[in-house]
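Colleague: Below is the structure I would like to discuss, written out as structure tokens.
The values are calculated or read from the model by the stated rules, or taken from the named source; none is laboratory data. None of these values were measured; they are calculated from a predicted model. So basically every Cβ, Gly included, is an ideal-geometry build from the backbone, and we count neighbours across all protein chains shown. Only protein heavy atoms, including side chains, enter the accessible area calculation; ligands, DNA and RNA are left aside. Shrake-Rupley method; radii C 1.70, N 1.55, O 1.52, S 1.80 Å.
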Amino acid sequence: MKQIRPAQRVSAIARLVTAVVVGLVMMFPLYWMVTLAFSPNADVFSRELRIWPSSWTLDNFRTIFSSFPTATWFGNSVVITAIVTVLTVTGNLLAGYAFAKLDFRGKGTLFLLVLSTMMIPVQVLMVAQFRLVTELGIYGTFWAVILPSAASAFGIFLARQFIIAIPDELIEAAKVDGAGTVRIFLQIVLPLCKPLIAVLVLLTVMYQWNDFAWPLIALKDSQLFTLPIGLLYLRGQYGADYGAIMALALVSITPIIVMFLAFQKYFVQGLARSGIR
């Protein structure tokens, strides 16, 4: 067996210790949120530092579901996120395929124009988006949140980078067999894009699920609010119930964590094959 040199062993141990320390630092906020969510109010507002609840309780969860329309907010987040994800991923795949494999006049210029929109701050676009949804008559509805979010320049870029790596020979062979553009996309390109689809779905879901500023502007009925806006309403005028806030935050992030763990393999593959480092 090949012997490990002392210098290599020290280096490996140092990297391991560094990784463990960084991992603990990154996990501590999540641990603290879970601890406060299951702690009684006496522990939350105690002057003593407690890293473990004196007693585990579900009172904070009962508070957010009995005193606030948390179930409605959760359902609103699911509906908006699901529709935005379907529209965005579909549009990104179609646009990415067009930029990667189709030839048309002005393709390079149009692609650069799409990429340039990523340099525009989101806050700059909110005034134009507000005027647009108001003139369309959809202000205060789900569609005011969904339509402005139904396109992603970064998603188009990611899809184009992934699809451009698909061998042209596959597409040429399909054309020889008489397949058209739509059939090639559906039967040749799309089955090869599973890692890409996983990445686009995860990125879109995470962004839309946690979006706060635009839904706060576009929605005016509290029954249409999403979970991030609901977190704001848990803060009172003269104080805040931090236990309830942490409980709602835990409810909010749990679906994202579960989804990421389920699709982690495809997420890594999609980023690697898209050339993102």
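Colleague: Return one number: the angle in degrees, 0 to 90 and rounded to the nearest 10, between the long axis of the Cα atoms of helix 107-116 and the longest principal axis of the Cα atoms of the chain.
Modeller: 10
Colleague: Can you tell me the 0 to 90 degree angle between the C-alpha axis of helix 242-262 and the longest principal axis of the chain, rounded to 10?
Modeller: Around 30 degrees separate the two axes.
Colleague: About the Cα centre of the chain, what is the dipole size in debye to 20, counting +1 per Lys and Arg Cβ and -1 per Asp and Glu Cβ, all else neutral?
Modeller: Working: 20 positive and 12 negative charges, 185 e Å.
Value, rounded to 20: 880 debye.
Colleague: Hey, another quick one. Multiplying the sequence separation of F130 and T109 by 0.36 nm and subtracting their Cα-Cα distance, what value in nm do you get? Walk me through the intermediate numbers first.
Modeller: Details: separation 21, 0.36 × 21 = 7.56 nm, distance 2.83 nm.
Computed gain between F130 and T109 is 4.7 nm.
Colleague: Round to the nearest 10 and report in Å² the accessible area of F212, as given by a 1.4 Å probe over the protein chains' heavy atoms.
Modeller: About 80 Å², ignoring ligands and nucleic acids.
Colleague: Related question: On the full set of protein chains, 1.4 Å probe, figure out the accessible area of M118 and give it in Å² to the nearest 10.
Modeller: M118 exposes around 90 Å² with every protein chain in place.
Colleague: List the relative contact order of the chain as a percent without decimals, with contacts defined as Cα pairs under 8 Å and 6+ residues apart. Let's see the in-between values first.
Modeller: On the way: 255 pairs, mean separation 81.2, N = 277.
It rounds to 29 percent for the chain.
Colleague: In square angstrom, what is the accessible area per residue of the range 125-170 with a 1.4 angstrom probe?
Modeller: On the way: 2450 Å² over 46 residues.
With all protein chains present, the range 125-170 gives 53 Å² per residue.
Colleague: In addition: Hey, what D do you get for the range 92-176 in µm²/s if you plug the Kirkwood alpha-carbon radius into Stokes-Einstein at 25 °C and 0.890 mPa s?
Modeller: Working: Rh = 15.0 Å.
Estimated via Stokes-Einstein, D reaches 163 µm²/s.
Colleague: Rounded to the nearest percent, how much of the accessible area of the chain (1.4 Å probe, protein heavy atoms only) is carbon and sulfur?
Modeller: Values: 11360 of 16820 Å².
Of all accessible area on the chain, carbon and sulfur atoms account for 68 percent.
Colleague: Ok, one more. Full-extension gain between S67 and K265, please, as 0.36 nm times their residue separation minus the C-alpha to C-alpha distance.
Modeller: Values: separation 198, 0.36 × 198 = 71.28 nm, distance 3.93 nm.
Net length gain for the segment: 67.3 nm.
Colleague: R0 = 30 Å: FRET efficiency of D177 with T90, Cβ-based, nearest 0.05?
Modeller: On the way: r = 26 Å, r/R0 = 0.85.
Calculated transfer efficiency: 0.70.
Colleague: Right, something else. Mind ranking V78, V25, V201 by accessible surface for me, highest first, 1.4 Å probe?
Modeller: Values: V78 65, V25 100, V201 35 Å².
Listed by decreasing accessible area, they come as V25, V78, V201.
Colleague: Right, here's the next one. Okay, which of the range 3-26 sit inside 20 Å, backbone N to the point 7 Å along the Cα-Cβ direction of W52?
Modeller: 24-25
Colleague: While we're on this one: Could you do me a favour and compute the accessible area per residue for the range 1-94, 1.4 Å probe, result in Å²?
Modeller: Numbers: 6560 Å² over 94 residues.
With all protein chains present, the range 1-94 gives 70 Å² per residue.
Colleague: Using alpha carbons only, how many degrees (0 to 90, rounded to 10) separate the axis of helix 70-101 from the longest principal axis of the chain?
Modeller: 20
Colleague: What is the percent of Cα-Cα separations in the range 26-151 that go past 26 Å? Don't skip to the answer; put the middle values down first.
Modeller: Details: 4242 of 7875 pairs.
That tail contains 54 percent of the Cα-Cα pairs.
Colleague: Could you work out the local net charge near N41, counting Lys and Arg as +1, Asp and Glu as -1, over the other residues with Cβ closer than 10 Å to its Cβ? Show your work: numbers first, answer last.
Modeller: On the way: positive: none; negative: D43, D59, D241.
With Lys, Arg at +1 and Asp, Glu at -1, the neighbours total -3.
Colleague: While we're on this one: Go ahead and set up a Gaussian network model of the chain, Cα springs under 10 Å, then flag whichever of A151, A165, A244 fluctuates most.
Modeller: Result for the chain, Cα springs under 10 Å: A165 fluctuates most.
Colleague: Which residue, V145, P6, P29, has the largest displacement toward the positive end of the dipole of the chain when charges sit on each Cβ (Lys, Arg +1; Asp, Glu -1)?
Modeller: P6
Colleague: What is the extension gain from D221 to M33, computed as 0.36 nm multiplied by their sequence separation minus the C-alpha to C-alpha distance, in nm to one decimal?
Modeller: Values: separation 188, 0.36 × 188 = 67.68 nm, distance 2.86 nm.
That pair, D221 and M33, stretches by 64.8 nm at full extension.
Colleague: Another one. Quick check: with the 1.4 Å probe, what order do I51, I171 take by accessible area, largest first? Mind dumping the intermediate values first?
Modeller: Working: I51 100, I171 10 Å².
The ranking, largest first, comes out as I51, I171.
Colleague: Also, I was wondering about something else. Ranked by accessible surface with a 1.4 Å probe, highest first, in what order do L113, L231, L49, L158 come? Walk me through the intermediate numbers first.
Modeller: Numbers: L113 105, L231 45, L49 145, L158 0 Å².
Accessible-area ranking of L113, L231, L49, L158, largest first: L49, L113, L231, L158.
Colleague: Based solely on its DSSP helices, what 222 nm [θ] is calculated for the chain when runs of n ≥ 4 H residues each add -39,500 (n - 2.57) and the sum is averaged over all residues, nearest 500 deg cm²/dmol?
Modeller: Numbers: 15 runs with 191 residues, N = 277.
Using -39500 (n - 2.57) per qualifying helix, the result is -21500 deg cm²/dmol.
Colleague: Still on this model: Which one, V20, S67, V84, is farthest towards the positive end of the dipole of the range 1-131 when Lys and Arg carry +1 and Asp and Glu -1 on their Cβ?
Modeller: Value: V20.
Colleague: Another question about this same structure. Would you list which lysines come within 16 Å of K194, measuring only between C-alpha atoms, while excluding same-chain residues fewer than 8 positions from it?
Modeller: K265
Colleague: So, taking all protein chains as they sit and a 1.4 Å probe, how much accessible area belongs to K194, in Å² rounded to tens?
Modeller: 130
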